[in-house]
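Contents: one structure, followed by commentary.
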Amino acid sequence: KIYMAAGPSSDDFAPVAPPAPLERCREKLAHAVLSVLEEEGAGGDGASFSRPFAQQLAALVWDWSTTSLAVDLEHFSRHAKRAGVSIEDVQLAARRNPQTKALIDAEARRLRLQRKSEKRGREAAG
């Protein structure tokens, strides 16, 4: 992948190395998308996905999550006067899609129960 320099004093066509943490994050997201597609394809319904499709889907997910979702999450967090994004912000972002909201709510419940269990374990040990 080639990133282009931006700004009035730079050569707009000169390749620039991507920020390493950002590129690693993008690669992990692409790997996660590919893993989900492979898992869905292994579901026995005969569905299969090409590598170009997986790459395009990963690019779409990246673009949406960094240009739309991230902005919404930051706004929700700021509105609630929190320093960072919380589970509640993610749940609020999913409010328009009932299926996604149900999945996120279930995961949020699971995470809360896990934290309570870990806290009880530390209290018992300490």
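Which of rounded, prolate or oblate describes the range 54-96 when judged by the alpha-carbon gyration tensor and an a/c cut-off of 1.5?
prolate
For Asp89, Asp105, Asp72, write out the residues from largest to smallest accessible area, computed with a 1.4 angstrom probe and no ligands counted.
Result, largest first: Asp72, Asp105, Asp89.
Could you pull out the trypsin sites (Lys or Arg not before Pro) across the range 46-126 that fall in loop regions by DSSP (anything but H, G, I, E, B) with no more than 10 other Cβ atoms inside 10 Å?
Sites meeting the loop and neighbour criteria: Lys81, Arg95, Arg96.
The values are calculated or read from the model by the stated rules, or taken from the named source; none is laboratory data. Being a predicted model, the structure only gives us computed values, none of them experimental. All Cβ positions, glycine included, derive from the backbone under ideal geometry; neighbour counts span all protein chains shown. These area figures cover heavy atoms from the full protein model, side chains too; ligands, DNA and RNA do not enter into them. Shrake-Rupley method; radii C 1.70, N 1.55, O 1.52, S 1.80 Å.
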